[in-house]
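Student: What follows is a structure written as structure tokens; I'll ask about it next.
The values are calculated or read from the model by the stated rules, or taken from the named source; none is laboratory data. In this text, all values refer to a predicted model and were calculated from it rather than measured experimentally. Note that we place each Cβ from the backbone using ideal geometry, even for glycine, and neighbour counts take in every protein chain shown.
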Amino acid sequence: MQLRFRAAAAGLALAIMVPVFASAQSDSNNFAVRTIEVDGSGETRTSPDTADLDLAIETRAKTAEQAAGSNAALAAKVIDALKSKLGDKGKITTGGYSLNPEYDQRATSETPKIVGYTAQNSVMVHTGALDLAGALIDAAIAAGANRVNSLSFSVKDDTKARGEAIAIATRDARAQAEALASALDVKLGKVLKATTISEQRPVPIRMNRAMAMSAAVATPVEPGDVTVPATVSLIFEIE
């Protein structure tokens, strides 16, 4: 039977394990392995190399056919404008489509009255040309897009940045283990187990804004840096 005692330091989990044997058949078959377990965290920041733009085209009309028809025509104009600006530096896809009735909110009868329909088309742009982000937004708005759902920046391959973050997290975990061992007046031994317990992706920088602006005003876009986090769990033997 094992009893585990836990202590806290710097908001992270620290533990010392002391095995206690209720009974034993032979001294040679019994041994005690005392351990210290710590979780360390670290992160690195790196420049993004990919942009994802989510645009919406929304139209309203009295009938479903009219709403869908005007939306399709407007979406075609937006896609053509984006293709002209983007060229071969990325790809354009449809993110989603919806057509819904609108009801008279003032109606008092049990059967709501339909007063019109709303059609919405989402267009996605994926590109590595970050310098085109602002120009793509402006081109889409000028062509008829009426909302930017999001603009996000990320790293296509975060292997190097993640490795650096893991190294920082490992140093953090070891420093905590050494501090705990010193406080307990014990000597830290070899590492028995090492794992990464968090595999988060880079956190995108997002710009959410309802677009109601003139296409004559250029949209400034500053990507900034992407944060790549890592968490490492280490189990040390106590000598």
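Student: Every residue in the range 33-49 that is part of a strand (DSSP E or B) and of a type in the set (Ser, Thr, Tyr), please.
Tutor: Thr35, Ser41, Thr44, Thr46
Yes or no, residue by residue, for (1) farther than 30 Å from Gly42 by Cα; (2) of a type outside the set (Asp, Glu); (3) in a loop (DSSP other than H, G, I, E, B):
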| position | (1), (2), (3) |
| --- | --- |
| Ser98 | yes, yes, no |
| Pro112 | yes, yes, yes |
| Val115 | yes, yes, no |
| Thr118 | yes, yes, no |
| Ile141 | yes, yes, no |
| Gly163 | no, yes, no |
| Ser182 | no, yes, no |
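Student: Further, regarding this structure: Please enumerate the residues belonging to the range 67-111 that are among the β-branched types (Val, Ile, Thr) and surrounded by fewer than 12 Cβ atoms within 10 Å (Cβ to Cβ).
Tutor: Of everything in the range 67-111, those that are among the β-branched types (Val, Ile, Thr) and surrounded by fewer than 12 Cβ atoms within 10 Å (Cβ to Cβ) turn out to be Thr93, Thr94, Thr108, Thr111.
Student: Also, quick follow-up: Just to be sure, is Gly134 in the same structural domain as Lys62 (by TED's automatic domain parsing) and more than 12 Å from Leu55 (Cβ to Cβ)?
Tutor: Yes, satisfied.
Student: So which residues in the range 123-143 are buried (at least 19 other Cβ atoms within 10 Å of the Cβ) and small (Gly, Ala, Ser), if there are any at all?
Tutor: Ala133, Ala139, Ala140, Ala143
Student: Considering only the range 122-130, I want to know if a residue exists there that is over 22 Å from the mean Cα position of the chain (by Cα) and closer than 29 Å to Glu102 by Cβ.
Tutor: no
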